[in-house]
Amino acid sequence: MSQVSWAISEDLPAAMAAAIGVLAVISLILLVVEVRRAERLRALVMISGLAATACMLLAVLRPVRVEVTGTEVGPRVVVLVDGSRRLLLPLGDATRRKQALAAAEALRGHFESSRVSVFEFGQGPLSAVGDPPRSSSRVESSDLSEALGELLTGGEEKPVAIVVVSDGRLTRPGERLDESALRTTLPKSSTPIHTVRVTDTAPKDASVRKVRAAGAAVAHQPLNLSVEIACAGGLECDKVPVVVRELRHGALPAVLAKGNVEIRDGEGSVDLSVVLERAGERIVEVAIDAPAGDEIRDNDKRILSFRVTRERLRLLHVAGRPTYDVRMLRTWLKSDESVDLVAFFILRSNTDDPGTDDETELSLIPFPVDELFTDHLPSFDAVILQDIDALEYKLARHLPALAAYVESGGGLIMVGGPSSFAGGGYAGSALGRALPVEMSDSEKPFDLLEVVPSYTRVGRAAPVLRAVRELLGDELPTFVGSNTVGPARPGALVLWSHPARKVGNEAMPLLSLGEAGDGRSIALALDATYRLAWSDRGAEAAGRAYGALWEGLLGWLMRDPRYEGARIELSDRCFAGEPTTLRVTPVSGDKGRIVVELQRLGVEGAEPKEHSADAKESGHVDLPLGILETGGYTAKVRVGDAPPARFDFACERGGEAWADSRPDPERMKSIAAVTRGKSATIAELKSLPQPAATLVASERHVTAVLPPWAWALLAAAAVGGHWYVRRRSGLI
Amino acid sequence: MGRRSALLGLAGLGLASHSPAFGQAGAFSVRILLTGGKKLGTPRDSGPARWAFELVRRTSAPARLGSASVSADDPKLLTEPFALWTGAGEIPPLSRPEQRGLERFLKLGGVLVVDDQDPQRGTFGLAARRELARVLPASPPVKLDASHVLYKSYYIIDRPVGRVLGPKALDAIVRGKSAQVVFLAHDLLGALARSRGGAWSLPVEPGGPRQREYAVRLAVNIAMYSLCSDYKDDQVHAPFLMRRRAGRGP
């Protein structure tokens, strides 16, 4: 098709044309003034003056005829589909996302004569809707402002119309903005934004709308959680019970706090104080007991991961008698400002005779065993039992609680001595299940043979002993005797073993690490690690090997990343019902097979699932964990022979994106209104206006109306005529 | 009781060989520090065994009853964290190896007790201070406050005493937060020395069985300090100890 238009001569600069226009206007003003002075023929003077001015103007501008021949193409229309995970909320028999994608397809048909591009918006750059479109999404926000900015301020062809398909619960622009505020959050453009509302009806839904923590989570310190609950869609709510639980390994969830939320105008909140005793990644569930009629159950609870730090490492050190080994450990622990040490040493037994009956002459205090191992036990990060007889000092009755303490995340080190392990009455006790070695009271509880512990293969690979090996090499000092212990428990790791004694076919463990539930434990069947400083070998390293050993042991016990065999993270957030991938980066030097044991938290006796892959020479390895359900999980990762590292994570179906299921049709209407667009439901989308087509030129012809000499002649004649009339009118 | 007997038995074995058994590796042992080749003479050479015996009898701490001595320049000095330097009269200056040995011992965290057998003259004490000033020139001795843990590590004691009453306070070289070299001008070993017949070898001055008992208590406190350092300074003990001191009166 062709299109004709008119223009001025192309050799005339625009500034010149403007100057000429100004001169023409001045001429006309002067003409009017002159005409008033004329005695006669005023009308003729006026007409001839106008004609002369016009002809002069045309002689300079020399108009041309422009004929453009080309093809008409459709205008560019961009459809932005909300790609947030929120749109996975159910809608009828499908989801909002399915409806939105269907609407986008329908828009392609509606704007048949336009060039339609369909993108998803959410977080970050726009992404194309796949073919077929993805049925899921991992994006948690709906930032329309950012998406529009990318479209309208980028270097590409600007669309003539934008259509937003969403439920309106956008991250930006926010809700309840007035017209002027809404304008400021949208990019400045004349492009109309039409909106297609996926749904206008809120489902009957009670949900955990928001969980806010007041400050960072610190072990043993109260943490205030503000929990907002909402009821929407006409669901009748009065009081909604809320419970906060910690999901632990191998045990049922531990209730941290409970409360009731009074719902007024569909919303309510409650402040709950919780105490997380263990540092590290802790998985907490905040759940409501939703009233009957709740249509969306998946947002009735949030499963959150809290990174719990500790101000200081709080340790309980209990020793059955004072020795150089006790002194050395105490001195080392006290030298660390980050350790809050509570120590109890038995300085006098029932058979000792202090030489006085007057207690005021002694500085001794009763060993508060009951108080320590009941009320105060959870407040400690780890317990060190050093050569203390459980029977003589009435510790035996607290051993089940101590085992439960370890299983709920506490740390335990049993240090050797005549009254440790079987010698202290621990064989056959409940604590046995929390220790990494078995104990038997059928043998002599300790051995008098001098021993130089041997590194096992695992011990050589373990980061926990790396510093000791760097200082002393593989040759450790000689120790005088050792406790008699049984074989390592399944899953435990032996780092040092006895070079001469056997248990079954294996060398007797001297230093072993183990996991019990959420906690870790260490069994050290030697009573004189102070010899890592106070011995010929120890002195060669200026005594530093002692600190290196205990720093490693405590660090491993407290899950210090420096002593873990691998760095573990999720390649992306875990969403229930979708594939999850674990990213494992072995620490330098660790090679071999990577074995992951995945276990559900908060479930008693949950069977671990094993996944494995070969470690690379360097870099990380991605291990698919398959599709997981809602809950907390722990992944125990072992790289080669190194001790396992652990990573806990939460898996939710909707997460924060599902916390508020209400659509926001008003926001969709406001956006359309302030941009001169139109808002419609899916059913009404055919009412959206069609933008005009655009002509793309293939040929352009420019033809002068008259040759320049003709314009000049015409102008001269008109000016001459005007001069004649003026004379006749008496103006000249 | 069975374990305790076993330990004493093992300790008895230790008399001959001085090699500890399991449970005894970290046991308290009075090692006599030898400098300039001078050995501990009678009757005080029985003092270390008595010291260990009293410790085992009165407390839960294990101790080795055998007598041991170690030279300041002997690498074996660095195998245990306690040594007693005792003598009377002038001592020759420490050789360079002896200085280095003592310096390493103290830097590892060892506790050295300097006991002047003739505190009235005080020659040994002064000489020891002079030599230790060469080992640790940046750490001069200071007077220990009456609240120092040495006065409450097992017994609550008001002042140090030995064979002689001596000064009312202890001097010490304090490194970090711990008293690493304790100076006694009380002849503690003299108060502990016993003859083969079981009688006390040297009379205490000004005298009385209480003084001997208090000397033994000081020895026990020093041993406890070397075994559990400042344990009795822990906050958990503070209210008990304050009540007990208050209950003892002025």
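Values in this text are rule-based calculations from the coordinates and carry no lab data. All values derive from a computational prediction rather than experimental measurement. Here Cβ is always computed from backbone atoms with ideal geometry, including for glycine, and neighbour counts include all displayed protein chains.
Side notes on the structure shown:
- Rounded to 5, the percent of DSSP beta bridges in the protein assembly as shown classed as antiparallel: 65 percent
- Taking chymotrypsin sites (Phe, Trp or Tyr not before Pro) across the range B:141-242, none is in a DSSP loop with at most 12 further Cβ atoms lying within 10 angstrom of its Cβ.
- Partner lysines for A:LYS636 [C-alpha distance under 28 Å; skip if fewer than 8 residues away on the same chain]: A:LYS301, A:LYS591, A:LYS609, A:LYS616
- As a length-normalised measure over Cα pairs under 8 Å and 6 or more apart, the relative contact order of chain B settles at 19 percent.
- Chain B, helix-only ellipticity at 222 nm - DSSP H runs n ≥ 4, -39,500 (n - 2.57), divided by all residues, nearest 500: -11000 deg cm²/dmol
- Taking every residue in A:414-426 and counting other chain Cβ atoms within 10 Å of its Cβ, the average works out to 2.
- Exposure proxy order (Cβ contacts within 10 Å, fewest to most) of A:MET508, A:MET16: A:MET16, A:MET508
- Sparsely packed trypsin sites (Lys or Arg not before Pro) within the range A:1-93, loop by DSSP, other Cβ within 10 Å at most 16: A:ARG40
- 0 to 90° range, to nearest 10: angle between helix A:324-334 axis and chain A longest Cα axis: 20 degrees
- With an a/c value of 1.5 or above and a/b not larger than b/c for the gyration tensor axes a ≥ b ≥ c computed over the alpha-carbon atoms, the range A:101-175 is described as oblate.
- Distance from the alpha carbon centroid of the range A:196-241 to that of the range A:466-496 works out to 51 angstrom.
- Over chain A: helical MRE at 222 nm, DSSP H runs n ≥ 4 each giving -39500 (n - 2.57), nearest 500: -7000 deg cm²/dmol
- Chain A: relative contact order as a whole-number percent, Cα under 8 Å and 6+ apart: 17 percent
- Computed about the Cα centre, the dipole magnitude for the range A:1-102 is approximately 520 debye when only Lys and Arg (+1) and Asp and Glu (-1) carry charge, each at its Cβ.
- Per-residue shielding of B:132-145, expressed as the average number of other chain Cβ atoms within 10 Å of the residue Cβ, stands at 0.
- Straight-line cross-link partners of B:LYS39 among the aspartates and glutamates, defined as a Cα under 20 Å from its Cα and at least 8 positions apart when in the same chain: B:ASP73, B:ASP74, B:GLU80, B:GLU90, B:GLU98, B:ASP115, B:ASP116, B:ASP118, B:GLU131, B:ASP187.
- Rounded FRET efficiency, nearest 0.05, which uses the C-beta distance separating A:ALA254 from A:SER612 and R0 of 25 Å: 0.20
- Lys, Arg +1 and Asp, Glu -1 on Cβ, resulting dipole of the range B:177-243 about Cα centre, debye, nearest 20: 220 debye
- For the range A:661-719 and the range B:132-169, distance of Cα centres in Å: 100 Å
- Förster-model FRET efficiency, 35 Å R0, A:ALA54 and A:GLU179, C-beta, rounded to 0.05: 0.15
- Base-10 log of normalised Debye intensity for chain A (one unit scatterer per alpha-carbon) at q = 0.10 Å⁻¹: -1.04
- Residue mean of other protein chain beta carbons inside 10 Å, B:76-84: 4
- Between A:VAL32 and A:ALA7, full extension at 0.36 nm per residue minus the direct alpha carbon distance yields a gain of 6.1 nm.
- Tilt relative to chain A, helix A:14-37 - C-alpha long axis, 0 to 90 degrees, to 10: 40 degrees
- Rounded to the nearest 20 debye, dipole of the range A:441-582 from Cβ charges on Lys, Arg, Asp, Glu: 140 debye
- Using a cut-off of 25 Å between Cα atoms, the listed pairs B:LYS38/B:LYS168; A:LYS204/A:LYS669; B:LYS107/B:LYS143; A:LYS158/A:LYS678 include B:LYS38/B:LYS168 as exceeding that distance.
- To the nearest ten degrees, helix A:544-557 and the longest principal axis of the Cα atoms of chain A are 60 degrees apart.
- Cα-based shape type of the range A:319-455, given that a ≥ b ≥ c are square roots of the gyration tensor eigenvalues and the cut on a/c is 1.5: rounded
- Taking a ≥ b ≥ c as the square roots of the eigenvalues of the Cα gyration tensor, chain B is rounded, since a/c falls below 1.5.
- Pairwise centroid distance, computed over Cα atoms, of the range B:48-121 with the range A:502-562, Å: 29 Å
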